[in-house]
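Participant: Mind having a look at this structure? Questions to follow.
The values are calculated or read from the model by the stated rules, or taken from the named source; none is laboratory data. All of these numbers come straight from a predicted model, not from anything done at the bench. Every residue, glycine among them, receives a Cβ derived from its backbone with ideal geometry; neighbour counts consider all protein chains shown. Protein only, heavy atoms only, side chains kept; ligands, DNA and RNA dropped before computing areas. Shrake-Rupley method; radii C 1.70, N 1.55, O 1.52, S 1.80 Å.
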Amino acid sequence: MPYRTEGNAIDAPVRILLVTSRENKRWVIPKGNPPQGVSAHSAAALEAEEEAGVRGLVCPTPLGSYRYRKRRRNGASLMVDVDVFPLAVRSELPDWKERAERERRWFSLAEAAAAVEEPDLRDLIRSFGPSEFKAATQRYGLLTAVAQKSKVTNMFAWFQRLLPKTGNFFEMFEAHAVTVVAGADALSRLLDDGSADHIREVIEREHDADEIIREMLRTVRETFLTPFDRGAITSLIGSMDDAIDEMQAAVQAIDLYEVTIFTQEMKDMAAIIVDAARLTAEAMPLLRDVARNGARLHELTERLVRMESHADEIHAAGLKRAFKELGPHDALQFAVHRELYKHLERIVDAFEDVANEIDGIVIDHA
């Protein structure tokens, strides 16, 4: 499922690229049968390039799956199961293999969901992007709720002005999430083209995140009323900060050892990091109204935990391959690969910690 975001804001709209099918010209996502010996997500990326003319970073963990009935050339109509992998589009080709056979078009999430015919695919598309930001972030305080129920809103105004400030915690959560997304994206570009510019960007993003977490800790100390337990606030933003700290450690190791070529397993882990950062950014605004958004938050944290488990498998496979290929004759290079895998694994582990912290808040407040 090729996608892109319109801008860097946390509430930036997500757009989905659909193509027309060759026979009946209905809107579909690029798909096909994986060749033998090619992983499912790599095959999905190849199909996206051939059918839609786009390239980018594909997450190895599927968003989900759907089923549809496909008519064969011999007349048979068979059910087919399709795994859907998010692909963050980096470039659109002016010419591609099936350009003459298909039309491609960018849709908003709502438009894409309405355009496809398969009900399960429609649900997957709807679940992919952030919920309606303004609706998710509407949150009424206790005094406001009482005032509305009792119809004495104006009488409460003077009293509310006397209360201690509650701090801009949600804005800081969301700002930190933006830096994490930007850092993850820069890290993935580094593993794609090896440019040192991306190293500098990750380090700059980490510095931005440090400023935010310092402000958060100061606000926690100075604020009388906090939306969650103080420990939950510091633990959540601390786990987010761990993720971008490890991104910085990873790019510093790449810079130190002058690594310019990266294995497919490293790129796959970077793709998981990009998607995990995106899910984290979606979750932050929902914390403004945990009671109403508890189900969606739980869905996002489940996905993060599943992605961490998949990353562990990729990490083990990559380390094993590095040991076989490098261990016997280039122990130093193997040690470098092992360190890079360690940092990538710790980034994903930090996102699992984020999921656990969010789950704890949901349990306490929903």
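Participant: Measuring from a point 7 Å past the Cα of Asp83 along Cα-to-C-beta, which residues in the stretch 21-46 have an amide N at less than 18 Å?
Facilitator: Answer for this model: 29-46.
Participant: Return a single number: how many Lys pairs in the chain, at a sequence separation of 8 or more or on separate chains, have alpha-carbon atoms below 30 angstrom apart.
Facilitator: 17
Participant: What part of the accessible area of the chain, given as a whole %, is carbon or sulfur when the probe is 1.4 angstrom? Spell out each step's value before the answer.
Facilitator: On the way: 9220 of 18440 Å².
Carbon and sulfur atoms account for 50 percent of the accessible area of the chain.
Participant: Using θ = phi - 60° and the Karplus form 6.51 cos²θ - 1.76 cosθ + 1.60, what ³J(HN,Hα) does each residue of the stretch 28-44 get, whole Hz, x for Gly and Pro?
Facilitator: 9, 8, x, 7, x, 7, x, x, 5, x, 10, 5, 4, 6, 5, 5, 4
Participant: Using 7 Å Cα-to-Cβ label points, what is the Glu215/Glu6 separation (nm, one decimal)?
Facilitator: 2.7
Participant: How far, in nm, would the chain grow between Glu222 and Ser39 when pulled straight, counting 0.36 nm per residue and subtracting the alpha carbon separation?
Facilitator: Using 0.36 nm per residue and subtracting the Cα-Cα distance, I get 60.7 nm.
Participant: Per DSSP helix of 4 or more residues, -39500 (n - 2.57); summed, then divided by the residues of the chain. What does that give at 222 nm, rounded to the nearest 500?
Facilitator: -21500 deg cm²/dmol
Participant: Mind checking the per residue accessible area of the stretch 158-271 for me, 1.4 Å probe, whole number of Å²?
Facilitator: Per residue, the stretch 158-271 has an accessible area of 48 Å².
Participant: Which distance in nm do the two modelled labels at Asp255 and Ala316 give, with both placed 7 Å along the Cα-to-Cβ direction?
Facilitator: Those two pseudo-labels are separated by 3.4 nm.
Participant: Work out the FRET efficiency for Ile363 and Asn168 from their Cβ-Cβ distance, taking R0 = 22 Å, and round it to the nearest 0.05. Before the final figure, lay out the partial values.
Facilitator: Values: r = 25 Å, r/R0 = 1.12.
It comes to 0.35.
Participant: Where does the stretch 27-99 land on the Kirkwood hydrodynamic radius, alpha-carbon pairs, in angstrom?
Facilitator: In the stretch 27-99 this quantity evaluates to 13.2 Å.
Participant: Now, a different point. If you add up the charges near Val362, with Lys and Arg at +1 and Asp and Glu at -1, over every other residue whose beta carbon is less than 12 angstrom from its beta carbon, what do you get?
Facilitator: -4
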